[in-house]
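Following: one structure in structure tokens, then a few remarks.
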Amino acid sequence: MQNHNIKVGIVGGAGYTAGELIRILLHHEYAELSAIVSSSNAGNPVYQVHDDLVGDTDLRFASELAGDEDVVFLCLGHGNSKAWLEKSNLPETTHIIDLSNDFRLEADAEFGGREFVYGLPELNKSRIQQAQSIANPGCFATAIQLALLPLAAVGKLTEAVHVSAITGSTGAGRELTETTGFTWRTGNISIYKPFKHQHLGEIGESLRQLQPQAEVDINFIPYRGNFTRGIFASVYTPSELSQDEARELYQNFYADAVFTTVSDKEIHLKQVVNTNKCLLHVQKFGKQLLITSALDNLIKGASGQAVQNMNLLFGLPETTGLGLKAALF
């Protein structure tokens, strides 16, 4: 158990995931925010960018880390974490939790003398506890993997998997683009990156970790939703399991998972927004097994899971600082 405050640094402090990290860590009983780095905002109060934090903190953005951090969260754009590490003088003893996709795949897991462990606690808890550096999973990848891991664990992924999943506008990051603006999103829906989303690689590697012979096609259609946060995924595949057998399999697999729950009732997005939960529901329709999965893309899909991984790294209960309630109404 941690017996002193964990000194935390955040690099890329102006984005959505950094804002959620700050919000969570300000109320984490063992975390002390040492430096929040933003080159474009250095010297400015953090609450000027993350204005949900007005009255919560007087911290200011820094131009560089303090140098005494126990753990550094990298909240940089995809491809930028490698570039930042190449020019940084981060001590080997400092833990890194990277929220980009730079180190998630096995081919990229070793970098600069570090080995990045894939940080999905429901899959790699013991490895995370012993790790020096963590590659935090993608948001869609987390929702889809949690829907499929129990089947892979018993070798039951044998046919093509079909996934239809929708995410909120925060999934595209803070920078305003044509498809994130209010007038475009409101009353609208669209697909993007069908069958070739970047999270498919990490999903496939995790499934093969449990079922090495698994070479099933994952037909994934991502949707942009007209809401700000959350992911709702419908995942289905032919299965010989009955509904009762499937539900028992999922409940047993996640029996010790503090943030993943198999619901007896159909689920919806409002149950998970603003929490580190993933909710799953299992139903059988003829030969098809349908698994619905819901989580908050910024918390369980990013910053909350990153803090969950930090807790594991430092010997804390996974739930520390993450007792967040959904805003149901």
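The values are calculated or read from the model by the stated rules, or taken from the named source; none is laboratory data. Just so it is clear, the structure is predicted and the values come from calculations on it, not from any experiment. As a convention, Cβ positions derive from the backbone with ideal geometry for all residues, glycine included, and neighbour counts pool all protein chains shown.
Per the conditions (1) on the phi > 0 side of the Ramachandran plot; (2) within 19 Å of the chain's Cα centre (by Cα), the sole criterion not satisfied by GLY315 is (2). Can you name the residue in region 201-217 that is crowded, with 17+ Cβ neighbours inside 10 Å and in a loop (DSSP other than H, G, I, E, B) and is also modelled with the lowest pLDDT among such residues? Going through the qualifying residues, I end up with ALA214.
Taking the criterion of being of a type in the set (Asp, Glu) and in a loop (DSSP other than H, G, I, E, B), the residues of region 81-122 that qualify are GLU92, ASP102.
Which one of GLU69, GLU115 is assigned by TED's automatic domain parsing to the domain that holds GLY15, over 29 Å from THR260 (Cα atoms) and either among the aliphatic types (A, V, I, L, M) or in contact with a strand residue (DSSP E or B) (Cβ under 9 Å, 6 or more places away or on another chain) (or both)? Steps first, answer last, please.
Working: GLU115 fails: over 29 Å from THR260 (Cα atoms).
Answer to the selection: GLU69.
Quick one: how many residues across region 123-148 are assigned to a helix (DSSP H, G or I), of a type in the set (Gly, Ala, Ser) and either touching a residue at least 24 places away in the same chain (Cβ under 8 Å) or more than 22 Å from THR260 (Cβ to Cβ) (or both)? Count: 3. Restricted to region 71-121, and to residues that are surrounded by fewer than 21 Cβ atoms within 10 Å (Cβ to Cβ) and acidic (Asp, Glu), which residue is farthest from PHE253 (Cα to Cα)? Filtering first and then ranking leaves GLU86.
This table checks each residue for (1) aromatic (Phe, Trp, Tyr); (2) under 27 Å from HIS199 (Cα atoms).
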position	(1), (2)
LEU26	no, no
ALA31	no, no
TYR47	yes, no
LEU59	no, no
ASN80	no, yes
GLU92	no, no
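Sort through TYR250, TYR254, TYR236 and tell me the only one that's farther than 22 Å from LYS287 by Cβ and not small (Gly, Ala, Ser). Among TYR250, TYR254, TYR236, only TYR254 is farther than 22 Å from LYS287 by Cβ and not small (Gly, Ala, Ser). For region 24-56, the candidate set comprises residues that are free of Cβ contacts under 8 Å to residues at least 60 places away in the same chain and closer than 15 Å to GLY321 by Cβ; within that set, the residue that is surrounded by the most Cβ atoms within 10 Å (Cβ to Cβ) is LEU33. Of the residues screened, THR261 is one that is of a type outside the set (Asp, Glu), modelled with pLDDT of 95 or more and over 24 Å from GLY201 (Cα atoms).
Selection over region 286-311 of residues that are surrounded by fewer than 22 Cβ atoms within 10 Å (Cβ to Cβ) and either assigned by TED's automatic domain parsing to the domain that holds VAL71 or out of contact with any strand residue (DSSP E or B) (no Cβ under 8 Å at 6 or more places or on another chain) (or both) gives a count of 1. Quick check: anything in region 31-43 assigned by TED's automatic domain parsing to the domain that holds GLY304 and assigned to a helix (DSSP H, G or I)? No, region 31-43 contains no residue that is assigned by TED's automatic domain parsing to the domain that holds GLY304 and assigned to a helix (DSSP H, G or I).
Of everything in region 12-40 that is within 17 Å of the chain's Cα centre (by Cα) and of a type outside the set (Gly, Ala, Ser), the residue that is modelled with the lowest pLDDT is TYR16.
Return yes or no: is ALA62 within 27 Å of GLY301 (Cβ to Cβ) and touching a strand residue (DSSP E or B) at 6+ places or on another chain (Cβ under 6 Å)? It would help to see each step written out before you state the result.
Working: within 27 Å of GLY301 (Cβ to Cβ): yes; touching a strand residue (DSSP E or B) at 6+ places or on another chain (Cβ under 6 Å): yes.
For ALA62, the condition - within 27 Å of GLY301 (Cβ to Cβ) and touching a strand residue (DSSP E or B) at 6+ places or on another chain (Cβ under 6 Å) - is met.
SER169 meets the stated requirement of being farther than 28 Å from LEU312 by Cβ and not acidic (Asp, Glu).
Assess whether SER88 counts as being under 23 Å from the mean Cα position of the chain (by Cα) and not hydrophobic (A, V, I, L, M, F, W, C). For SER88, the condition - under 23 Å from the mean Cα position of the chain (by Cα) and not hydrophobic (A, V, I, L, M, F, W, C) - is not met.
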